[in-house]
Amino acid sequence: MTNPNNGETVKMTIPELLDGTNPYAPDVATVAESTDSGELLSTARKLSAALDRSADYGLTLWKQLEVVATYLREDIAHARVSDERATLLQTEQQRRRWQQVYSEVLSALAGPGGDSGYGEQQARLEMQNHALPTGR
């Protein structure tokens, strides 16, 4: 990502909710040794709250990524410039990059189990079905 003030590249950091250092999760080792039912109940509540926050954040990311997929498909791949036959994707390199990014976005939307090639297949179909020039 580029800083609009100075043009320098800014590295985005992974939110702590996703980086494995979730501050909301209790220390499982300590809880495992506990025999206090009140402490176990408190821990269960903390874990439930952490899971809810993670799920909410994940859903937000999924919805935003779905918007990106729609933008890539509708506003980039299907967009036309002044000449009705020309697309925004003018070069073979641009088309390959678009296909790669669109495929990756769709694969991410499928979740951690993967998509068995669905994203790649859909990106190819978009190229074919919408007569995007392929540099042939």
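At 7 Å along the Cα-to-beta-carbon direction for both Trp62 and Arg124, put a label point, then send me their distance in nm to one decimal.
Here the modelled spin labels are 2.7 nm apart.
Trp62: net charge of surrounding residues, Cβ under 14 Å, Lys/Arg +1, Asp/Glu -1, itself excluded?
Details: positive: Lys63; negative: Asp56, Glu66, Asp115.
Neighbourhood net charge equals -2.
Where does each of Arg97, Arg53, Arg45 land when they are ordered by accessible area, with a 1.4 Å probe and the largest first? Let's see the in-between values first.
Details: Arg97 125, Arg53 90, Arg45 155 Å².
The residues order as Arg45, Arg97, Arg53, largest area first.
Sticking with the crude label model, points 7 Å out along Cα→Cβ, report the distance from Arg96 to Ala55 in nm, one decimal please.
About 4.3 nm separates the two model spin labels.
Quick one: order Glu126, Glu8 from most to least accessible surface, probe 1.4 Å. Don't skip to the end; give the middle numbers.
Values: Glu126 25, Glu8 115 Å².
Accessible-area ranking of Glu126, Glu8, largest first: Glu8, Glu126.
In the full protein assembly as shown, how much of Asp36 is accessible to a 1.4 Å probe, in Å² to the nearest 10?
So the heavy atoms of Asp36 present about 80 Å² to solvent.
The values are calculated or read from the model by the stated rules, or taken from the named source; none is laboratory data. Bear in mind that the values here come from a model prediction, so they are computed numbers and not experimental data. So basically every Cβ, Gly included, is an ideal-geometry build from the backbone, and we count neighbours across all protein chains shown. Side chains included, ligands, DNA and RNA excluded: accessible areas come from the protein's heavy atoms. Shrake-Rupley method; radii C 1.70, N 1.55, O 1.52, S 1.80 Å.
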